[in-house]
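The values are calculated or read from the model by the stated rules, or taken from the named source; none is laboratory data. Since the model is a prediction, treat every value here as computed from it, not as a measurement. Here the Cβ positions follow ideal geometry from the backbone for every residue, glycine too, while neighbour counts run over all protein chains shown. Surface accessibility is based on the protein's heavy atoms, side chains included, excluding ligands, DNA and RNA. Shrake-Rupley method; radii C 1.70, N 1.55, O 1.52, S 1.80 Å.
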Amino acid sequence: MGWINEMDFSGKYVSTKNRKEYIDKLWNDGKKFQVLKSSMVGTTYYAAVAELDQQQEVKQVFATTALTSYEDREFSYKEMDEHAIPACCDCPVGILKLLTPTDDQNANQWRKNCATYHRAKQLLKQAEKNGNTINACHHDLFFDKGCKKWLETDNQSYYVRRKDILDNNFIVIA
């Protein structure tokens with residue numbers, strides 16, 4: 001599925017808060033779906049959404065994401081639920097904890113990707129704090145006392161940000 005674009009002459013979608021509120025309203029239809037918790041991570045929207053039955057009881061809680069963009073007064077977003085295995089996997093833990101168990105292999109794979117992301121983030125924080133060396137994608141990653149990360153490869157040293165490591169799916173081995 002592609003991106004949905006809307007012209008924004010009022011400038012109301014510029015902030016991430018407004019983007020979050022807008023997408024929350026799309027899901028909160030009052031009949032079939034209700035957003036239990038949502039958050040913006042950068043420009044990516046994440047939410048735990050309850051699917052309701054006819055008696056307004058929760059049938060299941062699933063995750064949804066939306067990539068958002070704002071350029072030249074045009075607000076754009078692309079929604080995907082966890083069943084599509086979105087590439088973005090830095091969903092907040094608080095949202096992941098609200099999800100109900102599922103038999104869907106794709107949803108379980110995405111949840112596993114999110115868990116791996118958060119474990120890697122924890123390992124990187126610990127390595128930064130302790131000034132350790134870790135192995136990332138078969139390359140040594142050194143941390144100095146200033147929490148700078150240096151990737152050693154082919155006798156070259158490169159400065160790397162934590163976000164770069166996590167966003168590029170480095171495998172972190174403590």
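Restricting to the stretch 99-109, name every residue that is within 14 Å of Asp81 (Cβ to Cβ) and in a loop (DSSP other than H, G, I, E, B). Result: Leu99, Thr100, Thr102, Asp104. Taken over the stretch 61-80, the criterion of being loosely packed, with under 14 Cβ neighbours inside 10 Å and either touching a Ser or Thr at 6+ places or on another chain (Cβ under 7 Å) or in a strand (DSSP E or B) (or both) is satisfied by Glu71, Glu74. For the stretch 1-36, filtered to residues that are in a loop (DSSP other than H, G, I, E, B) and within 19 Å of Val61 (Cα to Cα), the residue that is most open to solvent (accessible area, probe 1.4 Å) is Lys31.
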